[in-house]
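Student: Provided herewith is a single structure, encoded as structure tokens, for subsequent inquiry.
The values are calculated or read from the model by the stated rules, or taken from the named source; none is laboratory data. Values in this document were obtained by computation on a predicted structure and should not be read as measured data. Neighbour counts run over all protein chains shown; Cβ positions are idealised from the backbone, glycine included. Note: areas computed on protein heavy atoms with side chains; ligands, DNA, RNA excluded. Shrake-Rupley method; radii C 1.70, N 1.55, O 1.52, S 1.80 Å.
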Amino acid sequence: MYLPASLPSPDPVLSQLNLGPLTIHTYALCILAGIAAAIVITQRRLKRRGGNPEVVLDVVLWCVPLGLVGARFYHVFTHISDYFYPGADPWDIIKIWDGGNALYGSLIGGALGVFIGCRRAGVRFLSFADAVAPAMLVAQAIGRLGNWFNHELFGLPTTLPWGLEIESSNPNFPADAAIGTLFHPLFLYEIIWNLIGVAVILWLERRMRARWGRALGLYLIWYGLGRSWLEAIRIDPSSNVFLGIPANIWASFAAIAVGLAIVIVQGIRHPEAETSVYRAGFEPVAEADADENTTAEAAPEDSSADPAEPAPTSAPAPAPEPAPDEDGPSPSKSPDA
């Protein structure tokens with residue numbers, strides 16, 4: 001059986017589809033496919049927890065736009081030299097279709113959108129986050145295919161048979177590397193890591209009954225661990241560095257710390273089982289209760305009746321007249337007697 005000696009990058013022609021004046025970028029299609037998959041998974045998980053699956057679409061209307069804005073601005077401000085230099089085009093800042101969307105920025109912006117959407121729908125933020133946690137890993141795995149089509153997100157040189165082919169004209173191609181050098185396909189590593197993470201979270205969720213936000217905490221821990229070692233071998237010369245450590249590694253450490261805090265604190269605060277995903281006062285009325293309330297309602301009154309005037313009552317039937325006794329007729333009785 002023939003085994004390829006490397007992993008080729010897609011032909012640049014495949015990075016976009018031109019339909020007349022309309023240009024559709026493959027990177028954007030991968031992101032949209034990931035969002036669609038996350039919606040379906042979250043709807044099913046929320047329904048199994050007693051929530052209305054239609055709420056997911058309401059939350060998405062807030063989450064996706066704010067997530068995209070957060071992803072782009074996080075990338076821009078952790079790659080200052082790529083966008084702010086003499087003669088730079090300011091419009092490059094918003095060209096999201098050219099790649100450069102940071103996952104940690106999307107988490108920050110998306111979390112804000114989820115919070116707003118959940119408040120409006122009456123759903124607890126952490127309960128919704130639990131439902132969406134494994135779905136986010138699926139969405140990220142699909143979205144990482146866009147990095148492959150854009151010839152980005154690769155690591156140090158390697159001689160492994162799955163080394164990624166990158167053209168020497170790529171802006172991130174090391175100046176001291178020979179033409180034909182292969183690189184670690186970090187996008188592929190992250191896809192595999194994320195899909196394994198879905199299985200791990202689902203297993204731990206059943207084992208430890210991870211509710212009240214703890215599935216979210218497990219997601220942050222898992223993704224932070226994986227992303228920290230991927231960033232350690234990533235070639236990204238324009239990324240900002242603090243104390244000799246790239247910004248994304250610091251963000252990964254922060255994600256791990258936040259995830260641990262959520263798992264520990266929520267485990268102490270809520271050892272009991274979660275009975276509802278809704279906030280107090282927003283629980284939907286059960287159908288049985290609704291039917292009972294309906295049958296208990298009084299019949300509508302006659303609108304022609306005067307509310308100040310008592311309703312007429314039927315006159316009592318007259319008492320039967322006693323039969324006369326043998327000595328003669330008995331005296332008649334007064335109605336007031």
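Student: For the range 84-149, which whole percent of the accessible surface, found with a 1.4 angstrom probe, sits on carbon and sulfur atoms? Walk me through the intermediate numbers first.
Tutor: Numbers: 2020 of 2830 Å².
Accessible surface attributable to carbon and sulfur in the range 84-149 totals 72 percent.
Student: Same structure, new question: Using a 1.4 Å probe and counting only protein heavy atoms, arrange M136, M208 so the residue with the most accessible area comes first.
Tutor: Heavy-atom accessible area, descending, gives M208, M136.
Student: I'd like the distance separating the alpha-carbon centroids of the range 126-158 and the range 174-227, in whole Å.
Tutor: Using only Cα atoms, the two centres lie 8 Å from each other.
Student: Right, another one. What are the residues whose amide H is under 5 Å from the amide H of G155, where those residues sit 5 or more places off or on another chain and H is modelled from the backbone?
Tutor: H184, L186, I235
Student: Using the heavy atoms of the protein chains alone and a 1.4 angstrom probe, what is the accessible area of the range 145-236 per residue in square angstrom? Please report the intermediate quantities before stating the final value.
Tutor: Values: 4310 Å² over 92 residues.
Using a 1.4 Å probe on heavy atoms only, each residue of the range 145-236 averages 47 Å².
Student: Another question, then. Which length gain, in nm to one decimal place, applies between N240 and E54 when the Cα-Cα distance is subtracted from 0.36 nm times their residue separation? Each step should come with its number before you reach the end.
Tutor: Numbers: separation 186, 0.36 × 186 = 66.96 nm, distance 4.06 nm.
Answer, rounded to one decimal: 62.9 nm.
Student: For the range 17-79, with the dipole built from +1 on Lys and Arg beta-carbon atoms and -1 on Asp and Glu ones, taken about the Cα centre, which of N52, L17, T78 lies farthest toward the positive end?
Tutor: N52
Student: Kindly write out, for the range 153-170 in residue order, the coupling ³J(HN,Hα) from the Karplus curve 6.51 cos²θ - 1.76 cosθ + 1.60 (θ = phi - 60°), rounded to whole Hz, with x marking Gly and Pro.
Tutor: 6, 10, x, 5, x, 8, 10, 5, x, 9, x, 8, 7, 10, 5, 5, 7, 4
Student: Out of residues 5 or more away from H25 or on other chains, whose amide H comes under 5 Å of its own, with H placed 1.01 Å from N in the peptide plane?
Tutor: Long-range HN contacts for H25: L17.
Student: Around G51, with a cut-off of 10 angstrom between Cβ atoms, what is the net charge of the other residues, counting Lys and Arg +1 and Asp and Glu -1? Present the calculation step by step, with values, prior to reporting the outcome.
Tutor: Numbers: positive: R45, K47, R48, R49, R124; negative: E54.
The answer is +4.
Student: Show me the GluC sites (Glu not before Pro) within the range 118-218 that DSSP assigns to loop and that have at most 11 other Cβ atoms within 10 Å of their Cβ.
Tutor: Values: sites: E152, E165, E167, E190, E205; in loops: E152, E167.
Of the GluC sites (Glu not before Pro), the ones in loops of the range 118-218 whose Cβ has at most 11 other Cβ atoms within 10 Å are E167.
Student: Given labels modelled 7 Å from the Cα in the Cβ direction, how far is it in nm from N172 to A261?
Tutor: For the pair N172/A261, the computed spacing is 3.0 nm.
Student: Tell me, in nm to one decimal, what length is gained between L32 and A5 on full extension, where the rule is 0.36 nm per residue of separation less the Cα-Cα distance? The partial results should precede the final answer.
Tutor: Values: separation 27, 0.36 × 27 = 9.72 nm, distance 3.19 nm.
Length difference between fully extended and current span is 6.5 nm.
Student: When only C-alpha pairs under 8 Å and at least 6 residues apart count, what is the relative contact order of the range 124-282, in percent? Please report the intermediate quantities before stating the final value.
Tutor: Numbers: 200 pairs, mean separation 44.0, N = 159.
Reported relative contact order: 28 percent.
Student: Looking only at Cα atoms, what is the convex hull volume of the range 7-49 per residue, in Å³? Don't skip to the end; give the middle numbers.
Tutor: Values: hull volume 3.4 nm³, N = 43.
In the range 7-49, the Cα convex hull volume per residue is 79 Å³.
Student: Can I ask one more? Quick query: amide H of Y278 versus all other amide H atoms, modeled in the peptide plane; which residues come in under 5 Å with a sequence gap of 5 or more or a different chain?
Tutor: The answer is R124.
Student: Please give the length that would be gained between A88 and L156 if that part of the chain were fully extended, namely 0.36 nm times their separation in residues minus their C-alpha to C-alpha distance (nm, one decimal).
Tutor: Numbers: separation 68, 0.36 × 68 = 24.48 nm, distance 2.85 nm.
Extra length available between A88 and L156 comes to 21.6 nm.
Student: From the backbone phi of the range 9-24, what are the Karplus-calculated ³J(HN,Hα) couplings (6.51 cos²θ - 1.76 cosθ + 1.60, θ = phi - 60°) in whole Hz, Gly and Pro given as x?
Tutor: 7, x, 4, x, 4, 7, 6, 7, 10, 9, 10, x, x, 9, 10, 10
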